Amino acid sequence: MDRKEWMGLLARAPADALDRLWQGLGVAPRFRWLRQPEVGAVMVKGRMGGTGAPFNLGEMTVTRCALALEGDAVGHAYVQGRNKRQAEQAALVDALMQGPTAAQVRAALLEPLAAQMQAGRAARAAKAAATKVEFFTLVRGDE
């Protein structure tokens with residue numbers, strides 16, 4: 001898992017799932033703020049059909065922060081919503097993944113989080129598939 005993947009995972013993670021896994025990790029690293037958590041908005045862009053010209057879909061609330069661990073590893077986070085604690089935890093995970101504890105953090109937090117999110121996607125897909133209607137055409141004898 002590279003940095004782009006874990007940053008995306010942390011940005012989309014549900015706050016309660018991240019908090020539960022963070023508490024289970026059992027680490028409390030000392031850090032200093034480079035940018036304290038702040039709430040703002042970003043413009044979300046879309047594309048018609050996924051390939052057309054981009055257009056402004058609307059704004060989304062995000063919380064961002066940046067911090068530095070004592071070993072000079074710097075962690076950044078942008079998370080959906082207004083949860084400052086979630087942004088802090090995500091930035092701490094980002095910083096820890098750049099140091100000697102990366103394997104422990106990956107195994108105890110990132111991989112279970114990815115599995116939980118994948119299970120949620122699979123459950124939603126199964127629920128949607130249950131409502132799928134199959135259309136077919138009967139062949140008539142006359143051409």
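Below, the figures for the structure above:
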| item | result |
| --- | --- |
| Estimated inter-spin distance, residue 133 and residue 119, nm [label 7 Å along Cα→Cβ] | 3.4 |
| Ratio of Rg to Rh over the stretch 3-130 (Cα coordinates, Kirkwood Rh, two decimals) | 1.02 |
| Two-site FRET efficiency, residue 126 against residue 4, from Cβ-Cβ distance with R₀ of 30 Å, rounded to 0.05 | 0.60 |
| The chain - charge dipole about Cα centre, Lys and Arg +1 at Cβ, Asp and Glu -1, debye rounded to 20 | 260 |
| Beta bridges by DSSP in the chain, antiparallel share as percent, to the nearest 5 | 100 |
| Contact order relative to length of the stretch 3-130, as percent, for alpha carbon pairs under 8 angstrom and 6 or more apart | 26 |
| Cut-off 14 Å (backbone N to label point 7 Å along Cα→Cβ of residue 107), residues of the stretch 5-26 | 25 |
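Each value in this text was obtained by applying a stated rule to the coordinates, not by laboratory testing. Since the structure is predicted, the reported quantities are computational estimates derived from the model, not experimental observations. Neighbour counts are summed over all protein chains in view; Cβ atoms, including those assigned to glycine, are modelled from backbone coordinates with ideal geometry.
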